[in-house]
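For reference, the structure discussed in these notes is given below.
The values are calculated or read from the model by the stated rules, or taken from the named source; none is laboratory data. None of the values given here were measured: they were computed from a predicted structure. Note that each Cβ is placed from the backbone with ideal geometry, even for glycine, and that neighbours are counted across all protein chains shown. In case anyone asks, the SASA skips ligands and DNA or RNA and just uses the protein heavy atoms, side chains included. Shrake-Rupley method; radii C 1.70, N 1.55, O 1.52, S 1.80 Å.
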Amino acid sequence: MLFMEGICFLPIFLVIWSSSTFIVSYLIALFEHDVDVIFPYISDTGAKPPESCVFGLMTVITAFAGMATMYARYKFVEKFNEKAGGVPPALNQAAFWIGMLSCLGMCFVATFQETTITAVHDAGALLFFVSGVLYTILQSIISHKAFPYGCSLALCRVRTGIATIAFLAVFPTVVCAVFVTQTTLHRKTVDEDYVFHLVSAVSEWIVAFSFIFFFFTYIHDFKKFTLKLRTQFVDYS
């Protein structure tokens, strides 16, 4: 079974859970008439209860699943590099810590709703998106440096393509959001900043699902290895 090979259950769980986080909170918010059907911000779908409770809980779990997956990827590259080389350890460490920052930003997004403490929420979202894009770029570089021993050339190109899409989409996400002046969850086409909102929101969804598809490519690598926890007793007496 696919779930039983290596530790591929980590990226599989992350992909399924993170996708469900966005979709479930959106459907609840839509059912409660708290957001519009056409491309609300992801954070809009978790701004009011009850969807805010679901969004917060599921996003925090997503963040911790992301941390576990990134740590496993870091250890995989570290162990692989001991035998094959090609990947500078500093590059692997930089990718890991930048990935941790993106997960931290996700936790801020989950716990500080945009309608309550907007400044902290926006700072967390910026940290999440920028660090997340940098993580995908660095991991794409690592994949190419590890080729042909790490993964296939086709998979390297897929990761590079996804990272490129995320990189291109993060700019309109951030830049257009600056020009969005209204904070209401319901938007109208006659609003002066509606175009900026629409471009920013669409780009935000593209970036978010780019991350999901990027972690989906980890399943192939994670089938090849396992992680073991070793305890050692130290007598300080």
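Would you mind stating whether VAL120 is within 13 Å of the chain's Cα centre (by Cα), among the β-branched types (Val, Ile, Thr) and closer than 30 Å to VAL202 by Cβ?
On the way: within 13 Å of the chain's Cα centre (by Cα): no; among the β-branched types (Val, Ile, Thr): yes; closer than 30 Å to VAL202 by Cβ: yes.
When the stated conditions are applied, VAL120 does not pass them.
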*Filtered residues of the range 76-96 (kept if within 23 Å of PHE211 (Cα to Cα) and surrounded by 14 or more Cβ atoms within 10 Å (Cβ to Cβ))*: PHE76, VAL77, GLU78, VAL87, LEU91, ASN92, ALA94, ALA95, PHE96
_Hits in the range 24-43 (condition: open to solvent by less than 10 Å² (accessible area, probe 1.4 Å), assigned to a helix (DSSP H, G or I) and of a type outside the set (A, V, I, L, M, F, W, C))_ = SER25
*asked:* If CYS103 satisfies all but one of (1) open to solvent by 50 Å² or more (accessible area, probe 1.4 Å); (2) farther than 20 Å from GLY6 by Cα; (3) in a helix (DSSP H, G or I), what's the number of the condition it fails?
replied: (1)
_Restricting to the range 52-76, give me the number of residues that are more than 17 Å from the chain's Cα centre (by Cα) and either modelled with pLDDT of 90 or more or of a type in the set (Lys, Arg) (or both)._
3
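Taking the conditions exactly as written (without any contact (Cβ under 8 Å) to a residue 12 or more places away in the chain and either closer than 30 Å to VAL54 by Cβ or not acidic (Asp, Glu) (or both)), does GLY85 satisfy them or not? So that I can check it myself, show each step before the final result.
Working: without any contact (Cβ under 8 Å) to a residue 12 or more places away in the chain: yes; either closer than 30 Å to VAL54 by Cβ or not acidic (Asp, Glu) (or both): yes.
For GLY85, the condition - without any contact (Cβ under 8 Å) to a residue 12 or more places away in the chain and either closer than 30 Å to VAL54 by Cβ or not acidic (Asp, Glu) (or both) - is met.
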*Consider VAL133 against the criteria (1) open to solvent by 20 Å² or more (accessible area, probe 1.4 Å); (2) within 18 Å of TRP205 (Cα to Cα): it satisfies all of them except one. Which criterion is unmet?*
(1)
*asked:* Which of the numbered conditions does GLY66 fail, given that it passes all the others? Conditions: (1) within 18 Å of PHE216 (Cβ to Cβ); (2) open to solvent by 10 Å² or more (accessible area, probe 1.4 Å); (3) not in a loop (DSSP other than H, G, I, E, B); (4) not charged (D, E, K, R).
replied: (2)
_Let me spell it out: the conditions are (1) over 12 Å from the mean Cα position of the chain (by Cα); (2) surrounded by fewer than 19 Cβ atoms within 10 Å (Cβ to Cβ); (3) over 20 Å from ARG73 (Cβ atoms), and CYS176 meets all of them except one. Which number is the exception?_
(2)
*Answer with yes or no whether THR231 is open to solvent by 80 Å² or more (accessible area, probe 1.4 Å), modelled with pLDDT under 90 and closer than 30 Å to ILE7 by Cα.*
yes
*Determine the pairs where a residue that is open to solvent by less than 50 Å² (accessible area, probe 1.4 Å) and charged (D, E, K, R), located within the range 44-55, has a partner that is part of a helix (DSSP H, G or I) and modelled with pLDDT of 90 or more with Cβ atoms under 8 Å apart, the partner being 6 or more residues away or on another chain.*
ASP44/ALA29; GLU51/SER25; GLU51/ILE28; GLU51/ALA29
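Kindly evaluate VAL120 against the criterion of being modelled with pLDDT under 95, surrounded by 15 or more Cβ atoms within 10 Å (Cβ to Cβ) and touching a Lys or Arg at 6+ places or on another chain (Cβ under 6 Å).
Numbers: modelled with pLDDT under 95: yes; surrounded by 15 or more Cβ atoms within 10 Å (Cβ to Cβ): yes; touching a Lys or Arg at 6+ places or on another chain (Cβ under 6 Å): no.
No, not satisfied.
So, PHE215, is that one among the aromatic types (Phe, Trp, Tyr) and open to solvent by less than 30 Å² (accessible area, probe 1.4 Å) or not?
The answer is yes for PHE215.
Among the residues of the range 77-109, how many are over 17 Å from the mean Cα position of the chain (by Cα) and over 15 Å from PRO11 (Cβ atoms)?
The total comes to 16.
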